[in-house]
1. To test your reading of the geometry: what angle, between 0 and 90 degrees and rounded to tens, separates the Cα axis of helix 105-117 from the longest principal axis of the chain?
2. Is it possible to state the helix-based mean residue ellipticity at 222 nm for the chain, with each DSSP H run of 4+ residues giving -39500 (n - 2.57), the sum divided by total residues, to the nearest 500 deg cm²/dmol? What is it?
3. Give the calculated FRET efficiency between Cys149 and Glu128 to the nearest 0.05, with a Förster radius of 22 Å applied to their Cβ-Cβ distance.
4. Does the chain classify as rounded, prolate or oblate by the C-alpha gyration tensor (a ≥ b ≥ c root eigenvalues; a/c under 1.5 gives rounded; else a/b over b/c gives prolate, otherwise oblate)?
5. What Cys residues in the chain are without a partner cysteine, judged by a Cβ distance under 4.7 Å?
6. Which FRET efficiency value, to the nearest 0.05, do you get for Ile441 and Glu231 by plugging their Cβ-Cβ distance into 1/(1 + (r/R0)^6) with R0 = 51 Å?
7. First obtain the Kirkwood hydrodynamic radius of the stretch 73-278 from its Cα pairs, then insert it into the Stokes-Einstein equation at 10 °C and 1.306 mPa s, and state the resulting D in µm² per second as a whole number.
8. At a threshold of 8 angstrom on Cα-Cα distance, excluding pairs fewer than six apart, so keeping six or more, what relative contact order does the chain reach in percent?
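The values are calculated or read from the model by the stated rules, or taken from the named source; none is laboratory data. Note that this is a predicted model, so its numbers are computed, not measured. Note that each Cβ is placed from the backbone with ideal geometry, even for glycine, and that neighbours are counted across all protein chains shown. For accessibility, only protein heavy atoms count, side chains too; no ligands or nucleic acids. Shrake-Rupley method; radii C 1.70, N 1.55, O 1.52, S 1.80 Å.
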Amino acid sequence: MAKSSVMYQCSDCGAQSPKWAGQCADCGAWNTLVETLSVVPAGGKTARFAGYAGTTQPAVQRLGEVQPGQETRIPVGMEEFDRVLGGGLVAGSVVLIGGDPGIGKSTLLLQALAAFSARLKVLYVSGEESPEQVALRSQRLGVDADQVCLLAETSVERVLEHARRETPQIMVIDSIQTLYTEVLQSAPGSVSQVRESAAQLVRFAKQTGTALLLVGHVTKEGTLAGPRVLEHMVDTVLYFEGDAGGRYRIVRAVKNRFGAVNELGVFAMTDKGLKEIHNPSSIFLSRHEQPVAGSVIMVTMEGTRPLLLEVQALVDDSQLANPRRVSLGPEQNRLAMLLAVQHRHGGVQMSDQDVFVNVVGGVRISETAADLPVLLAALSSFRDHALPNNLIVFGEVGLAGEIRPVPNGQERLREAAKLGFQHALIPAANAPKGGIEGMEIHAVTRYTDVLEWFTR
Ligand code: TYD
Ligand code: MG
C-alpha cells in the first residue's frame with residue numbers, strides 16, 4: 001500500500017525538501033518551495049505524485065493496433081458554446097473556464113446545466129455561493145433548473161464522495177480555487193491546493209467518464225490564478241473576454257484536445273442571462289458619423305468566422321522621459337516592435353510621443369493581421385489625418401518593413417464587402433485576382449507603399 005506524505009518542492013528545479021525554506025537549497029531560487037504530496041510506495045523509494053495516470057499497467061502497443069473508441073459528444077444545445085467546445089462536451093473530458101470576476105462564468109454554466117438537465121444527470125458544486133443564491137440566479141435566468149442537483153461543499157474528498165454516489169454525467173465545480181484537499185495544510189486557493197484538488201477531480205473524470213467543467217479565477221495579469229499547471233492537466237481551456245461593463249462577452253478556446261483553438265463564441269449579457277449572438281461580425285463596430293483620426297477598422301479571423309473590429313490609437317506629446325506604450329487588445333511588445341519598424345522603414349519618429357492602442361469591445365487580438373491596422377491607427381492619430389470610414393485594413397508587418405499576407409484573405413474581404421465597406425488596404429499577396437465586387441483594393445508590399453498611399 002502506498003503511503004502519502006507532505007513534501008515541499010521547488011517550482012524551478014524540482015528539488016524536494018521535507019521542510020519549507022525561503023530559498024531552495026539546490027538551485028538557490030527564492031520563494032519557490034511549494035507544498036506537494038509525495039507518494040512513498042511500499043518498496044520505499046520516494047516517487048513524485050503521479051498525475052492522473054491509471055493504476056493498471058498498460059502494455060506497449062503499435063499505434064496501428066489501437067482501436068480508438070468513438071468519442072461521445074454531448075451537445076449543450078447552445079450553439080455558440082458548442083462551437084468553442086468543438087461540437088459539444090466529450091464524456092470524461094475536463095474543461096477549464098477562466099475569466100475575470102463577474103464576467104458571467106457562473107451564469108453561463110448554470111444555463112448550460114439547465115439545458116443538459118432535461119436529458120442527463122448533472123451536478124453543480126458551488127464553493128462560492130449558497131444554494132439560495134444559486135436558486136435565485138436560476139429564477140432570474142428563467143431557466144428550468146428543477147432537475148439540477150446542487151452541492152455546496154469545498155472539500156474535494158467530500159465532493160468526490162457525493163459524486164460517486166450521485167453518478168452525474170456532467171459536473172460543474174464553481175470554482176476550483178475554493179476547493180481544498182484535506183491531505184494538504186496550505187490554504188484553499190494556494191498553488192498546491194489548486195493543483196492537488198484539480199488532479200483528484202481530473203482522475204475522477206477519467207475513471208468514471210464524467211464530463212467536468214471547472215471554473216478558474218483569473219489574476220490581474222490575465223492568467224489563471226495560481227498555476228498555469230492547471231492548463232496542462234485539463235483537456236480544454238476556455239477564457240472569457242470582454243469589458244465587464246460592456247454588453248458583449250466572448251468565450252475563446254485557447255487549448256482544445258477535441259477541437260480547434262481560437263474558436264470564438266459570442267454572447268450578450270442581458271437581464272435574463274447570456275444570449276447567443278449568431279452573427280457577430282459587426283457588433284463591435286462603433287461607426288462614426290464623420291471619419292475620425294486614429295480609428296481603423298480591421299477584419300480579424302479568429303476561429304472560423306470573420307469579425308470586424310475597430311482599432312483606435314492615440315498618439316500624444318509625452319511629458320515623460322520614457323514615453324508610454326500602452327496596448328489593450330494587441331500585445332504590448334508587438335506594439336513596440338511595430339513602432340520600431342515604422343521608424344526604421346518609414347522614417348516616422350514617435351520616440352517623444354505616448355502611444356495608446358485599444359480595440360473596441362475589449363477583444364484580445366492575438367493574430368498578426370492586426371499589425372497594419374495598429375500602425376495605421378497610430379499614424380493617423382499622429383498626423384491627425386482621418387481615414388475614410390468605409391475602409392478596412394489587415395496585414396502582417398515584418399521586421400524588414402515588408403507587408404506579409406495573412407490566412408483567409410478572401411473571406412475577410414467578402415465579409416467586409418457584405419457589410420458595405422468599399423475600400424481595402426491589404427497585403428498584395430492577399431489581393432484576389434478577380435477582385436471583390438463593390439470593393440476597391442489597395443495592395444501594398446512594403447511599409448513605404450503604405451506611407452505613399454497615406455500621404456497621396
Ligand atoms: P457571474 O456569472 O456571477 O460571474 P462570474 O461567475 O464570472 O463571477 O455574473 C455576474 C454578473 O452578470 C453580474 O455582474 C450581474 C450580471 N448578470 C446579468 O446582467 N444578468 C443576469 O441575468 C445574471 C444572472 C447576471
Ligand atoms: Mg461565479
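1. 60 degrees
2. Rounded to the nearest 500, the figure is -7500 deg cm²/dmol.
3. Step by step, r from the Cβ atoms, then E = 0.80.
4. prolate
5. Cys149, each lacking another Cys Cβ under 4.7 Å.
6. Once the sixth-power term is evaluated, E becomes 0.80.
7. Answer from the Stokes-Einstein relation: 95 µm²/s.
8. 11 percent
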